[in-house]
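In what follows, a structure is listed as structure tokens, so that the remarks can point back to it.
The values are calculated or read from the model by the stated rules, or taken from the named source; none is laboratory data. These figures come from a predicted structure and were not determined experimentally. Quick reminder, even Gly has a Cβ in these numbers, built from the backbone with ideal geometry, and neighbours come from all protein chains shown. Ligands, DNA and RNA are stripped out before the accessible areas are found, and what is left, the full protein with its side chains, is counted by its heavy atoms. Shrake-Rupley method; radii C 1.70, N 1.55, O 1.52, S 1.80 Å.
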Amino acid sequence: ATGVSFAPKLDNGLYLVGAGVRKKSVVKVYAVAMYSTPKVLANAASSTTLHDTARTLDSTSSLTSFVLEMVYSAGAEKIAGAIGESVKPRHGGDPSDIGKLESLIVEGVNAIGGQATKGTMFRFDCSDEGVSVSVNGVEQGVAEFKGLGSAFVDVFMDGNSVSPTLVESCVKTWSSSENMSIAASLVDLASVSYQGNSKEGTTQEKGDTAGMRKKLESQLKPIQEYATSVVFDPKLAEGLYLVGAGVRKKSVVKVYAVALYGSASVLNAASSPAALRTAARSFGQSSPSTSFVLEMTYSASAEKIGGAIADSVKPRYSGSA
């Protein structure tokens, strides 16, 4: 309910560099992933080289993409304005350029009802020509302005990134010796392909190069945005099994992640909410206990969390208060 996972490669051939979250105060607005070329992967071991390489949109690394998945609903004007306001101080061109970018976002959101609800996907392809905008897989157009692509990269990669967790994820992922080796090999393959294609005037990749690339890419893994997810073990020490997990919210604030653990008989009864409830609360020889594991995702004092849980139990308990 609170996790977003991004694929290791986009359909345009770019690789997943890292994933993070955009927050406003305590509210998680969207999960964000950056995709780019092997050259960027090879330079992602530090935030400085990562930023410099991702924003230098030239012939050796011509495209950097950002994929955003909403985890909080926002209107068309609001999400477009928020993104535009982040790009504006980083863009050296005419302020009206930002208006074009915002209008493409607004048009895309209006086409799906005017609200960017949870799960809405945005994609921004940044190049030397500008920024291409897609909403839920439908391309809206390109804001074609020199320098706008680099300015958009800066929003997420510079020293004042709107998503520090994205930068941290990129550096952590690609500074490991295993991934640094993969990145270096992908760079070498990209160089071989480029040289071969230049000589032959074709974009087709030779069989041996394609096979090596496929083998390397098989080692790449999806990245989950852990700032918005909690993972629970499949079994407790007491022998109870994980039945399911969810989140407790108060308004827009995620207070804690919660998991239900039960016996095998509870698992067998989990095909419907009514049967699950009956089995989980009917304590007998075949199912003597049910456990709940809570992991806090928002800070609360002892009295506050204790009182909140007690207030939920009180109207459901027929014993003494």
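For first residues located in region 173-188 and among the aromatic types (Phe, Trp, Tyr), partners that are open to solvent by 30 Å² or more (accessible area, probe 1.4 Å) and lie 6+ apart or on another chain with Cβ distances below 9 Å form the pairs 174/42; 174/43; 174/45; 174/180.
Among the criteria (1) in contact (Cβ under 8 Å) with a residue 60 or more places away in the chain; (2) within 21 Å of residue 20 (Cα to Cα); (3) not small (Gly, Ala, Ser), the one residue 120 does not fulfil is (1). Would you pick out the residues in region 283-300 that are free of Cβ contacts under 8 Å to residues at least 12 places away in the same chain and open to solvent by less than 60 Å² (accessible area, probe 1.4 Å)? Listed by number, the list holds a single entry, 284. Of all residues in region 114-136, those satisfying the criterion of being on the phi < 0 side of the Ramachandran plot, among the polar types (S, T, N, Q) and either touching a Gly at 6+ places or on another chain (Cβ under 7 Å) or open to solvent by 10 Å² or more (accessible area, probe 1.4 Å) (or both) are 115, 117, 127, 132, 134.
Residue by residue, here is whether (1) modelled with pLDDT under 75; (2) open to solvent by less than 80 Å² (accessible area, probe 1.4 Å); (3) under 29 Å from residue 168 (Cα atoms) holds:
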| site | (1), (2), (3) |
| --- | --- |
| 229 | yes, yes, yes |
| 234 | yes, no, yes |
| 240 | no, yes, no |
| 261 | no, yes, no |
| 275 | no, yes, no |
| 279 | no, yes, no |
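The set of residues from region 279-312 being of a type in the set (Val, Ile, Thr) and under 24 Å from residue 265 (Cα atoms) comprises 290, 293. Please identify the pairs in which a residue from region 249-274 that is in contact (Cβ under 8 Å) with a residue 12 or more places away in the chain and of a type in the set (A, V, I, L, M) has its Cβ atom under 6 Å from the Cβ atom of a residue that is surrounded by 13 or more Cβ atoms within 10 Å (Cβ to Cβ) and assigned to a helix (DSSP H, G or I), counting only partners at least 6 apart or on another chain. So the pair list comes out as 266/279; 266/280; 270/276.
Residue pairs whose Cβ atoms lie under 9 Å apart, sitting 6 or more positions apart in sequence or on different chains, and linking a residue in region 305-319 that is over 15 Å from residue 249 (Cα atoms) to a partner that is open to solvent by 100 Å² or more (accessible area, probe 1.4 Å) and not β-branched (Val, Ile, Thr), are 314/321.
When the test is whether a residue is modelled with pLDDT of 95 or more, more than 23 Å from residue 139 (Cβ to Cβ) and touching a Ser or Thr at 6+ places or on another chain (Cβ under 7 Å), residue 49 does not pass it.
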